[in-house]
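Colleague: One structure, as structure tokens, below. Some questions next.
The values are calculated or read from the model by the stated rules, or taken from the named source; none is laboratory data. Just so it is clear, the structure is predicted and the values come from calculations on it, not from any experiment. Here the Cβ is made from the backbone with ideal geometry for all residues, glycine too, and neighbour counts use every protein chain on show. In case anyone asks, the SASA skips ligands and DNA or RNA and just uses the protein heavy atoms, side chains included. Shrake-Rupley method; radii C 1.70, N 1.55, O 1.52, S 1.80 Å.
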Amino acid sequence: LVSVRGRVILAHPGAPVVVEYRRPDASGWSVGAETTVGPSGDYSAQFPLPGQGIWELRARVPETRDADHDPGGSGIRLVDVVS
């Protein structure tokens, strides 16, 4: 399992967070996990990747649920899955 955690600043409790993965240089993203932002802005999720090797991961907030802030996301992180 891959564990992902982060913080949304400014905190938007209850806003959705989508964690996505793909192989480097692939064009499309797949959803690995969906979770929500907690009261202090933190989020966490766990999910299995479909195989060994190098994967790119990112987290996105597709909707902040208010008119004052735009959706956003993290930078891309690389992970290496080994047996």
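Colleague: Between a first residue in segment 30-47 that is at positive phi and a second residue that is open to solvent by 20 Å² or more (accessible area, probe 1.4 Å) and outside any strand (DSSP E or B), which pairs have beta carbons less than 7 Å apart while being 6 or more apart in sequence or on different chains?
Modeller: Pairs found: Gly41/Val8; Gly41/Ile9; Gly41/Ala11.
Colleague: Quickly run through segment 6-57 and pick out the residues that are modelled with pLDDT under 95 and charged (D, E, K, R).
Modeller: Those that are modelled with pLDDT under 95 and charged (D, E, K, R): Arg7, Asp25.
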